[in-house]
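Worksheet: the structure to be examined is printed underneath.
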Amino acid sequence: EAGVTQFPSHSVIEKGQTVTLRCDPISGHDNLYWYRRVMGKEIKFLLHFVKESKQDESGMPNNRFLAERTGGTYSTLKVQPAELEDSGVYFCASSSILAGGPHEQFFGPGTRLTVL
Amino acid sequence: GNSVTQMEGPVTLSEEAFLTINCTYTATGYPSLFWYVQYPGEGLQLLLKATKADDKGSNKGFEATYRKETTSFHLEKGSVQVSDSAVYFCALWRNTGKLIFGQGTTLQVKP
């Protein structure tokens, strides 16, 4: 069974540009999460989807960030316009009540975003 | 609010040395506790977990015991290997969906 995949693995953009990150969760996982680690600090929660609905978006830093999960499968996280402080590693995770429970989250390899 | 505090790194050890990475938490009620590991160039992997007080999680020679009285979940390994070099994250889950992570501890094991 394939794990969580993320694309791209790296992205380097200039301040003011737009970037879209993609996450494909494990097939059948209803829960999808986005997290971010900035500059060697803690990994911080961004938001949580249950199927296509946003369950919790309390961690989204501001309205330059837009997450979608159309059809309840893959998810995208768009940053528009990007700022220098958005640089970091963006992780996606998924979980299922039927596979370990909602707390056992399976993580992707992350997307390293660098904003110049 | 809920939070996790880990010892600051980096931690540098010689092969076969004993490892302890401290982790303490603040949470209401009874959270589930986790250690995740990120090997160089890879994503986060669940290393071990404990879901109630006094539980001991173990995997790949690593252990951690859920201590409610000290609100701690310290990671230990009796004899580290070069291949254990990675970043280790302590985390808690408290029925809110999201995991709350510590800042991560980088471990470097030298031959």
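The values are calculated or read from the model by the stated rules, or taken from the named source; none is laboratory data. All values reported here derive from a predicted model rather than from experimental measurement. Here the Cβ positions follow ideal geometry from the backbone for every residue, glycine too, while neighbour counts run over all protein chains shown.
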**Study point:** Complete set of residues in the stretch A:21-60 that are more than 10 Å from every other protein chain (Cβ to nearest Cβ) and free of Cβ contacts under 8 Å to residues at least 24 places away in the same chain
**Key:** A:51, A:52, A:53, A:54, A:57, A:60
**Study point:** Among (1) in contact with a Phe, Trp or Tyr (Cβ under 9 Å, 6 or more places away or on another chain); (2) within 14 Å of chain B (Cβ to nearest Cβ); (3) within 22 Å of residue A:14 (Cα to Cα), the one test that residue A:79 misses
**Key:** (2)
Practice item. Consider residue B:36 carefully, then state whether it is facing another protein chain (nearest Cβ under 10 Å), at pLDDT 95 or above and either crowded, with 17+ Cβ neighbours inside 10 Å or over 29 Å from residue A:111 (Cα atoms) (or both). Key: yes
Check your understanding: If residue A:10 satisfies every condition in (1) within 14 Å of another protein chain (Cβ to nearest Cβ); (2) of a type outside the set (Gly, Ala, Ser); (3) surrounded by 14 or more Cβ atoms within 10 Å (Cβ to Cβ) but one, which is the exception?
Key -> (3)
Exercise for review: With the checklist (1) outside any loop (DSSP other than H, G, I, E, B); (2) within 12 Å of the chain's Cα centre (by Cα) in hand, flag the one item residue A:106 doesn't pass.
Suggested key: (2)
Exercise for review: Confirm whether residue A:16 is surrounded by fewer than 18 Cβ atoms within 10 Å (Cβ to Cβ), farther than 27 Å from residue B:106 by Cβ and either within 11 Å of another protein chain (Cβ to nearest Cβ) or at pLDDT below 95 (or both).
Suggested key: no
Exercise for review: Tally the residues that are in a loop (DSSP other than H, G, I, E, B), more than 14 Å from residue A:22 (Cα to Cα) and under 14 Å from the mean Cα position of the chain (by Cα), restricting the search to the stretch A:65-92.
Suggested key: 1
Practice item. Go through the stretch B:49-72 and give me each residue that's within 20 Å of residue B:2 (Cα to Cα), within 14 Å of chain A (Cβ to nearest Cβ) and within 13 Å of the chain's Cα centre (by Cα). Key: B:49, B:50, B:66
**Study point:** Failed criterion for residue A:2 (all others in (1) without any contact (Cβ under 8 Å) to a residue 40 or more places away in the chain; (2) assigned to a strand (DSSP E or B) hold)
**Key:** (2)
Exercise for review: Please note which strands (runs of 3 or more DSSP E) are completely contained in chain B and include at least 3 residues that are in contact (Cβ under 8 Å) with a residue 12 or more places away in the chain.
Suggested key: B:3-6, B:11-14, B:19-21, B:23-26, B:32-38, B:44-50, B:62-65, B:75-77, B:86-93, B:99-101, B:105-110
Exercise for review: Determine whether residue B:27 is surrounded by fewer than 20 Cβ atoms within 10 Å (Cβ to Cβ), within 14 Å of chain A (Cβ to nearest Cβ) and of a type in the set (A, V, I, L, M, F, W, C).
Suggested key: yes
